[in-house]
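A short write-up of the structure that comes next.
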Amino acid sequence: MEKEDLTKEQLRTLQNCDESGLRTPPPRLELLTSSMTPHIQRTNRNKNWRVRTALNFKGIEYDTRPVNLKKGEHNTPEYENLNPLKLVPTLIIDGQALTQSVAILEYLEETRPEPALLPKNPIDRAKVRAIVQSIASDIQPIQNLRVVKHSKQDDWGNYWITSGFRAIEKHLKETSGDYCFGDSITLADVFLVPQVYNANRYQVDLTEFPIIQKINARLNELQAFRDAHPSNQIDCPLIPGV
């Protein structure tokens with residue numbers, strides 16, 4: 001379709017203009033994330049946490065729409081239309097509903113590259129992504145509640161996090177500086193913090209992982225990471241000891 005064939009309304013939409021021809025701000029991003037019920041706060045929802053951290057770090061404003069999993073709000077036809085797997089998070093951005101935290105973060109990096117969460121050098125990017133996938137694909141899914149509840153082993157989560165952290169600790173001996181990759185914050189750091197939280201929940205002995213502990217402590221001093229913590233979300237209940 002040629003531009004002259006577009007209606008005035010379509011042109012205004014493309015140009016972010018109102019009827020007077022004045023430019024209007026683009027719609028705010030909307031992050032659909034699990035509501036912070038006591039159960040969800042204790043289990044933390046790593047994927048939501050990652051996306052919040054990246055949005056905060058990049059200075060991208062967004063609105064949070066809690067999805068109450070306990071009430072089954074993720075099973076509604078309306079939500080299924082946005083996210084066929086009926087999982088969280090879902091990010092409404094640029095007129096699209098994006099799902100899966102890794103895909104969402106890659107999209108943010110490609111469309112809003114500053115400040116960067118991936119190095120410029122392709123080899124360095126691959127090393128950061130290796131840490132990301134170690135957590136996103138190898139550690140976190142195995143100790144996800146959907147898996148754990150079908151396991152008969154009491155130490156299931158502890159075992160797999162400990163095993164995965166041993167590999168990551170070795171990786172970090174080669175790549176880390178102040179953070180997971182040198183002295184710049186990357187996607188690896190975004191994925192690390194929620195996983196350390198989970199490690200504490202499963203009573204993993206973190207003294208075995210001094211590099212992970214050091215980086216996690218440093219990251220938790222940063223505003224973008226503090227603001228993303230589950231306890232700082234708009235619908236988070238106050239729970240003693242959490």
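Structure notes:
- Taking the conditions (1) out of contact with any Ser or Thr (no Cβ under 9 Å at 6 or more places or on another chain); (2) crowded, with 18+ Cβ neighbours inside 10 Å; (3) assigned to a loop (DSSP other than H, G, I, E, B); (4) not aromatic (Phe, Trp, Tyr) in turn, residue 92 satisfies each one other than (3).
- For the stretch 146-185, the candidate set comprises residues that are small (Gly, Ala, Ser) and assigned to a loop (DSSP other than H, G, I, E, B); within that set, the residue that is modelled with the lowest pLDDT is 151.
- Scanning the stretch 53-69 for residues that are part of a loop (DSSP other than H, G, I, E, B) and among the acidic types (Asp, Glu) yields one hit, 61.
- Within the stretch 152-189, restricting attention to residues that are without any contact (Cβ under 8 Å) to a residue 12 or more places away in the chain and among the basic types (Lys, Arg), the residue that is nearest to residue 221 (Cα to Cα) is 170.
- A count restricted to the stretch 186-206 and to residues that are at pLDDT 95 or above and either among the acidic types (Asp, Glu) or not in a helix (DSSP H, G or I) (or both) stands at 4.
- Looking across the stretch 73-89, the residues that are farther than 27 Å from residue 113 by Cβ and not in a loop (DSSP other than H, G, I, E, B) come down to 73, 74, 75, 77, 78, 79, 80, 81.
Residue by residue, here is whether (1) assigned to a strand (DSSP E or B); (2) surrounded by fewer than 18 Cβ atoms within 10 Å (Cβ to Cβ); (3) in contact (Cβ under 8 Å) with a residue 60 or more places away in the chain holds:
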| site | (1), (2), (3) |
| --- | --- |
| 71 | no, yes, no |
| 108 | no, no, no |
| 118 | no, no, yes |
| 124 | no, yes, no |
| 139 | no, no, no |
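- Evaluating residue 50 against the criteria (1) charged (D, E, K, R); (2) in a strand (DSSP E or B); (3) modelled with pLDDT of 90 or more leaves one unmet condition, (2).
The values are calculated or read from the model by the stated rules, or taken from the named source; none is laboratory data. Quantities reported herein were computed from a predicted structural model and do not represent experimental measurements. Ideal geometry is used to build each Cβ from the backbone, glycine not excepted, and the neighbour counts take in all protein chains shown.
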